[in-house]
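> Supplied in structure tokens, the structure appears directly below.
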Amino acid sequence: MAITILGIESSCDDTSAAITRETLLLSNVIASQQVHQEYGGVVPELASRAHQQNIVPVINKAFKDAGITKDEIDAIAFTRGPGLLGSLLVGTSFAKGLALSLGRPIIQVNHLTGHILSHFIQLLDQEYAPPTFPFLCLLVSGGHTQILQVNSYLNYSILGQTIDDAVGEAFDKGAKIMGLPYPGGPIIDRLAKEGDARSFSFSKPKIEGLDFSFSGIKTSLLYFLRQQMLSNPLFVQHNLANLCASWQQHLVDILLEKVVKASKQTKIERIVLSGGVSANSLLRERMAVEAQERGWELFLPQIRFTTDNGAMIAITGYFMYRLGLFCGLDVAPVSRVGDFEVA
Ligand code: KG4
Ligand code: ZN
């Protein structure tokens with residue numbers, strides 16, 4: 001019998017629910033919260049309140065779009081963490097309540113596993129060959145920057161990760177320093193298209209192995225701009241596109257260098273991109289060029305599955321369901337990675 005899963009994602013500022021049947025996506029509804037824009041970043045308290053308002057309509061729409069009733073689902077998968085505790089609580093509690101009322105099991109999903117497995121979602125109108133194992137995954141988002149070796153659906157190891165800020169934060173905070181709204185990543189991406197990436201250069205962080213660091217370079221951007229504004233208070237406005245292009249190129253260079261290193265080290269030439277920052281057009285372009293030159297097999301996620309979504313939680317729930325990996329109703333959300341295992 002085909003397995004039908006409801007996936008619920010509420011780890012940060014997107015309330016999302018999706019329904020999958022086997023690996024096929026039947027619906028995926030995302031309510032993004034606009035309330036944070038004026039604060040220049042996600043305000044946890046406002047995020048939980050917005051989740052609370054959004055969750056019922058989002059779940060109802062997911063069922064409506066899928067054309068199925070609640071009785072037809074076999075299990076409910078939800079993001080247990082990492083993320084904002086108040087936000088995670090909304091999805092977790094909702095999953096438990098619905099599971100109790102329907103008499104169905106629940107599945108706790110690690111948000112990061114969700115990002116990785118988003119590559120296995122199949123769409124009705126589109127044949128897609130997902131990556132085979134093992135592969136390297138560059139997982140880049142607002143909260144995470146990691147290079148992982150993925151050996152099977154639920155078995156992976158972290159080869160390298162950021163020791164401070166995530167690359168998404170480097171995009172967002174860089175944008176904030178330049179006076180741009182939140183989230184700055186997509187805005188930098190757009191403005192960079194009009195600029196020359198060779199205009200400004202920034203020093204590279206000196207981090208050994210496959211780890212990353214973005215906090216120091218963010219501070220150096222701040223000092224650089226302050227210095228320039230002493231002689232020209234409108235320096236940012238006059239150079240905005242060039243600054244965006246140069247900053248974006250700098251961040252992409254840092255990511256690429258480590259992926260090349262990881263591939264050489266592991267001899268794995270199947271490379272997969274995941275997470276919000278994998279929507280970045282320069283990163284995608286440069287990855288494609290690198291793949292062409294090095295003979296890599298490259299998997300770029302569809303843009304709709306790059307940022308947080310319920311589909312990636314549902315598909316992970318599906319693979320966990322097949323292994324009987326259910327959890328008890330006493331499970332509580334966790335805010336940090338490493339507080340619970342892969343799945
Ligand atoms: O995966 P995601 O939705 O949330 C987390 O799990 O963190 O990622 C959000 C991050 C934000 O930092 C946002 O600025 C960044 O992804 N982002 C981008 C682009 N689209 C989203 N960064 C650069 N270029 C983009 N086109
Ligand atoms: Zn995410």
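> Restricting to the stretch 143-158, name every residue that is touching a residue at least 60 places away in the same chain (Cβ under 8 Å) and either under 17 Å from Ser278 (Cβ atoms) or within 16 Å of ligand 1 (Cβ to nearest atom) (or both). Before you say what the answer is, go through the steps one by one.
Let us first name the residues in the stretch 143-158 that are touching a residue at least 60 places away in the same chain (Cβ under 8 Å), namely 143-145, 147, 149-150, 153-156.
Gly143, His144, Thr145, Ile147, Val150, Tyr156, listed by residue number.
> If the requirement is being modelled with pLDDT of 90 or more, buried (at least 17 other Cβ atoms within 10 Å of the Cβ) and of a type in the set (S, T, N, Q), which of these qualifies: Ser27, Ser48?
Values: Ser48 fails: modelled with pLDDT of 90 or more.
The match here is Ser27.
> List every residue pair whose Cβ atoms sit under 6 Å apart, with the two residues 6 or more apart in sequence or on different chains, where the first one lies in the stretch 96-117 and is acidic (Asp, Glu) and the second, anywhere, is away from ligand 2 (no atom under 16 Å from the Cβ).
Final answer for the pair search is none.
> Please identify the pairs in which a residue from the stretch 160-183 that is touching a residue at least 40 places away in the same chain (Cβ under 8 Å) and within 16 Å of ligand 2 (Cβ to nearest atom) has its Cβ atom under 9 Å from the Cβ atom of a residue that is of a type in the set (Ser, Thr, Tyr) and part of a helix (DSSP H, G or I), counting only partners at least 6 apart or on another chain.
Qualifying pairs under 9 Å: Thr162/Ser215; Asp165/Ser215; Glu169/Ser215; Ala170/Ser215; Tyr182/Tyr39.
> Which residue is surrounded by the fewest Cβ atoms within 10 Å (Cβ to Cβ), if the candidates are limited to the stretch 69-122 and must be of a type in the set (Lys, Arg) and away from ligand 1 (no atom under 15 Å from the Cβ)? Steps first, please.
Within the stretch 69-122, the first condition is being of a type in the set (Lys, Arg), and the residues that meet it are 70, 80, 96, 104.
Okay, now just the ones that are also away from ligand 1 (no atom under 15 Å from the Cβ), so 70, 96, 104.
Details: Lys70: 14, Lys96: 18, Arg104: 19.
Among those residues, the one meeting the criterion is Lys70.
> Yes or no: the stretch 319-342 includes at least one residue that is among the hydrophobic types (A, V, I, L, M, F, W, C), part of a helix (DSSP H, G or I) and within 27 Å of Ile5 (Cα to Cα).
Looking for residues that are among the hydrophobic types (A, V, I, L, M, F, W, C), part of a helix (DSSP H, G or I) and within 27 Å of Ile5 (Cα to Cα), one finds at least one in the stretch 319-342, hence yes.
Results for (1) touching a residue at least 24 places away in the same chain (Cβ under 8 Å); (2) surrounded by fewer than 20 Cβ atoms within 10 Å (Cβ to Cβ); (3) away from ligand 2 (no atom under 16 Å from the Cβ), shown as yes or no for each residue.
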position: His238; (1), (2), (3): no, yes, yes
position: Asn242; (1), (2), (3): yes, yes, yes
position: Leu255; (1), (2), (3): yes, no, yes
position: Val260; (1), (2), (3): yes, yes, yes
position: Val272; (1), (2), (3): yes, no, no
position: Ser278; (1), (2), (3): yes, no, no
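> May I ask you to list the residues in the stretch 227-273 that are more than 23 Å from the chain's Cα centre (by Cα) and charged (D, E, K, R)?
Those that are more than 23 Å from the chain's Cα centre (by Cα) and charged (D, E, K, R): Lys264, Lys267.
The values are calculated or read from the model by the stated rules, or taken from the named source; none is laboratory data. What you are looking at is a predicted structure, and each value in this text was computed from that prediction instead of being measured. Ideal geometry is used to build each Cβ from the backbone, glycine not excepted, and the neighbour counts take in all protein chains shown.
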